[in-house]
Amino acid sequence: MVNDFLEIIKTRRSCRHYKAEQIKDDELKVVLEAGTYAPTSRGMQSPYIVAVQNESIREKLAKMNAQIMGVTSNPYYDAPTYVLVFTPAEANNPIQDGSCVLENMMLAAHAIGLGSCWIHREREMFSTEEGKKLMKDFGLPEGLVGIGALSLGYPSKDADKAKPRKEDYYRIIK
């Protein structure tokens, strides 16, 4: 099991090419549940996870993100599912908590054959009036900030091999 997990870590790559086919509900639940087991500051479980499969909402999110990025392409790479992570602005470690949730979900996705890519700019997106309205429509409490998101789906092409790790990446001090 340990070797399998280490292989999952070593072979996970960002996916930027997805099949149009929507992922299965049970696969989505595996990924979301993995996010709920991420470590959080003081064990407070402060993050909120929102999976979006609705096409019109995905289009709106893509447009909002693209506008901030200054592009016309879809920053979520036309994935069939977007997974958004929010935390209370006043949480002890909101960025760290949300980042751990995102990483757990990326590893779980890879473990079951899904592709994912970490997407940025959710903080900016959800600080706008349009973003705040969306959070309210999602049934989220007030006072949250966007931490990040994942594009999620079936990869339409094989992932690239990992680049060699740099020689001095880590040190052991005894």
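Among the trypsin sites (Lys or Arg not before Pro) in the range 119-167, those placed in a DSSP loop whose Cβ has at most 12 other Cβ atoms within 10 Å are 157, 161, 165, 166.
Ranking of 5, 126, 138 by solvent-accessible surface, largest first: 5, 138, 126 (1.4 Å probe, protein heavy atoms only, all chains present).
For each pair in 10/63; 24/133; 60/163, compute the distance between the two Cα atoms and list the pairs where it is over 30 Å. 10/63; 60/163, as the Cα separations exceed 30 Å there.
Bridges between two residues of the chain, per DSSP, are antiparallel at a rate of about 95%.
Computed from the C-beta positions of residue 156 and residue 57 and an R0 of 30 Å, the FRET efficiency is 0.85 to the nearest 0.05. Approximating the spin labels as points 7 Å out from Cα along Cα→Cβ, the residue 16-to-residue 95 distance works out to 2.4 nm.
So what's the back-of-envelope 222 nm ellipticity for the chain, counting only DSSP H runs of four-plus at -39500 (n - 2.57) apiece and dividing by all residues, rounded to 500?
-12000 deg cm²/dmol
Computed from the C-beta positions of residue 33 and residue 72, the FRET efficiency with R₀ = 25 Å rounds to 0.10.
I need the shape label for the chain. Rule: rounded when a/c is under 1.5, else prolate if a/b > b/c, else oblate, with a, b, c from the alpha carbon gyration tensor. Judged from the Cα gyration tensor, the chain comes out oblate (a/c at least 1.5, b/c at or above a/b).
The values are calculated or read from the model by the stated rules, or taken from the named source; none is laboratory data. Predicted model, so just to flag it, every value in this text is computed and none were measured. As a convention, Cβ positions derive from the backbone with ideal geometry for all residues, glycine included, and neighbour counts pool all protein chains shown. Quick note on the areas: whole protein, heavy atoms, side chains included, nothing else; ligands and nucleic acids left out. Shrake-Rupley method; radii C 1.70, N 1.55, O 1.52, S 1.80 Å.
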